[in-house]
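Read the structure below first, then the notes.
No value in this document is a laboratory result; all are computed from the given coordinates. Predicted model, so just to flag it, every value in this text is computed and none were measured. Ideal geometry is used to build each Cβ from the backbone, glycine not excepted, and the neighbour counts take in all protein chains shown.
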Amino acid sequence: MISIGALYSTLRGRSRALACLAVILLGLMLMASPACSDDNPIKIGLAVAESGFISAYDADGAKAVQLWVDDQNAAGGLLGRKLTTMLTDTKSDRAEGAKVGKQMVDNGASLVVVTCDYDYGSPAAIAAQRGGVISMFLCAEDPKAGVQGAGAYAFTASVAAQVQGAAIGEWAYANLKVRAAYTLLDTSIEYDKSVCAGFEWAWRKLKDATIAGSNTFKNDDESIQAQITRIKSLKPAPDAIVLCSFNPGGGSATRQIRAAGLDMPILSGGAMDGAYWLNAVPNLSKFYVVAQASIYGDDPRPDIQAFNERFKAKFGTAPVTHYAYPAYAWLQLWAKAVQKAGTLDAGPVVKVMETFKDEPTLLGPRSFTAQLHIQNNAPYLVMEIENGKPRFVGQQQISEPVPFEVLFRIKK
């Protein structure tokens, strides 16, 4: 960059007035440069999957981030600055996620948004932690997607998977009169284990509720015939099957269960929300999932309906799963914390967020503590799939917050 002294040397012999004019112009140029101005935008980096199987879960959440950025910019930005996004495909690959997370930090991101799942999102979140930047999992529901698994600057936008398992269990007990349940656990990722853990914790507290049996499988198993045979051998048959899984394996298991003639209710977590997979199980009925909001136009909250309309107007289609909503709600909290802290620096912002208690958001009240950067209690909607069509049928908030030892599956 040219110095003022050098400028005067260049202009030696010329009129003083011309020299002064040049210095003034140089000063104006320097003031307008990004290095000397606070007008450069706040960067939000998205290290998420645009390809591979995780993309089914990341796509809507990434769009919700962009929708929030548009809304925030329309309201004047944040700290007097506009916001912008950077997105790079992690390809549903952990190693790629770590690399992209570091790239986002190196490119000046003030916030790094990572993949929905803890297992696949944590490499990018850990890279952000090392760079001193806050990270947000789009919708990870294993409690390790936070302080315990990715670092003190990591948060997840969603609710602990244990809450899902507990909520669907309590709702089925009260509304479907289920008393004997059979758990079928997909052991592929931590989320699945947490759904079943939450169900079992809540179920054992209910009067006359029993677990008729349990079994496991892997998401990429071509057949679960052996597991189905064990269920069919039970006398009496269980009142319901609790399926702790995600797609595509969850859909494959459901198809095989129904093809084998097992027609009892199937209870599952939010990873099975959405109609995109239902063609694989024609005319599916008596399938129940919990969701943070309804994508089907029947959510009872006007704010969700308005969100759905803005989402469709911007992207041309409605959300595909309920994972469109948590990121928007979390960003509302992050913006409040940034404004209160008066800075984008991770340390002060995190301290403010950890004071939030029942803070209002699009999805309802949210809280954080220094130990928990995830929700351990939140209201859920219950969605029923009947004749291949999903619809809202009820709401459930669990009777008490999930305790720490259940969240982290600590055996006593």
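Details
- The convex hull of the Cα atoms of the stretch 265-308, projected and averaged over all directions, covers 3.6 nm².
- Fewest-first ranking of 399, 214, using other Cβ atoms within 10 Å as the exposure measure: 399, 214
- Around the amide H of residue 211, modelled in the peptide plane, lie the amide H atoms of 181, all under 5 Å away and 5 or more residues distant in sequence or on another chain.
- Integer Hz, Karplus 6.51/-1.76/1.60 couplings in order for the stretch 76-89, x for Gly and Pro: x, x, 9, 6, x, 10, 6, 10, 9, 10, 10, 10, 9, 6
- Under 11 Å, Cβ to Cβ, from residue 122 - net charge with Lys/Arg +1 and Asp/Glu -1: -2
- 3J(HN,Hα) along the stretch 322-338, derived from phi through the Karplus expression 6.51 cos²θ - 1.76 cosθ + 1.60 where θ = phi - 60°, amounts to 5, 6, 6, 8, x, 4, 4, 5, 5, 5, 4, 6, 4, 4, 4, 5, 4 Hz, with x in place of Gly and Pro.
- Relative frequency of Cα-Cα separations exceeding 19 Å in the stretch 231-344, percent: 58
- If the segment from residue 70 to residue 50 were pulled out straight at 0.36 nm per residue, it would be longer than the present Cα-Cα gap by 5.1 nm.
- Relative packing of peptides 322-335, 350-363 - highest average C-beta neighbours within 10 Å first: 322-335, 350-363
- For the pair the stretch 183-212 and the stretch 359-412, the centres of their Cα atoms are 14 angstrom apart.
- Lys/Arg +1, Asp/Glu -1 at C-beta; the chain dipole; positive extreme among 152, 136, 388: 152
- Greater than 26 Å apart at Cα, pairs in 218/286; 207/357; 43/193; 82/336; 102/411; 91/286: 207/357; 43/193; 102/411; 91/286
- Sequence ranges 215-222, 337-344, 142-149, 118-125, ranked by mean other-Cβ count within 10 angstrom, highest first: 118-125, 142-149, 337-344, 215-222
- Modelled FRET efficiency - R0 41 Å, residue 82 with residue 283, Cβ distances, 0.05 increments: 0.25
- Here's the picture: charge each Lys and Arg Cβ at +1 and each Asp and Glu Cβ at -1 in the chain, and of 75, 163, 237 the one pushed furthest to the positive end of that dipole is 75.
- Treating r as the C-beta distance of residue 187 and residue 309 and R0 as 56 Å, the FRET efficiency rounds to 0.90.
- Here the chain was treated as a single set of alpha-carbon atoms; its pair distances binned every 10 Å from 0 give 5, 22, 29, 21, 11, 5, 3, 2, 1, 0, 0 percent.
- Geometric extent, Cα atoms of the stretch 95-177 - Rg, Dmax (angstrom): 15.3, 55
- Per-pair calculated FRET efficiency, R0 = 30 Å: residue 229 and residue 393 via Cβ, rounded to 0.05: 0.45
- About the centre of its Cα atoms, the chain shows a dipole size close to 600 debye [charges on the beta carbon of Lys, Arg (+1) and Asp, Glu (-1) only; nearest 20 debye].
- Sequence ranges 66-77, 256-267, 286-297, 178-189, ranked by mean other-Cβ count within 10 angstrom, highest first: 286-297, 178-189, 256-267, 66-77
- Gaussian network model of the chain, Cα within-10 Å springs - most flexible of 318, 237, 127: 237
- With 0.36 nm allotted per residue and the present C-alpha distance subtracted, the residue 404-residue 263 stretch has 47.2 nm of extension available.
- Taking all Cα pairs closer than 8 Å and separated by 6 or more residues, the relative contact order of the chain comes to 15 percent.
- Note, ³J(HN,Hα) from phi for the stretch 213-223, Karplus 6.51, -1.76, 1.60, rounded to Hz, x at Gly and Pro: x, 8, 7, 10, 7, 10, 4, 9, 5, 6, 9
- Mean-position separation - Cα centroids, the stretch 44-88 and the stretch 238-302, in angstrom: 28
- Taking amide H as placed 1.01 Å from N in the peptide plane, residue 369 has its amide H under 5 Å from the amide H of 374, each at least 5 places away in sequence or on another chain.
- Straightening the chain between residue 204 and residue 386 buys 62.7 nm, computed as 0.36 nm per residue apart minus the Cα-Cα spacing.
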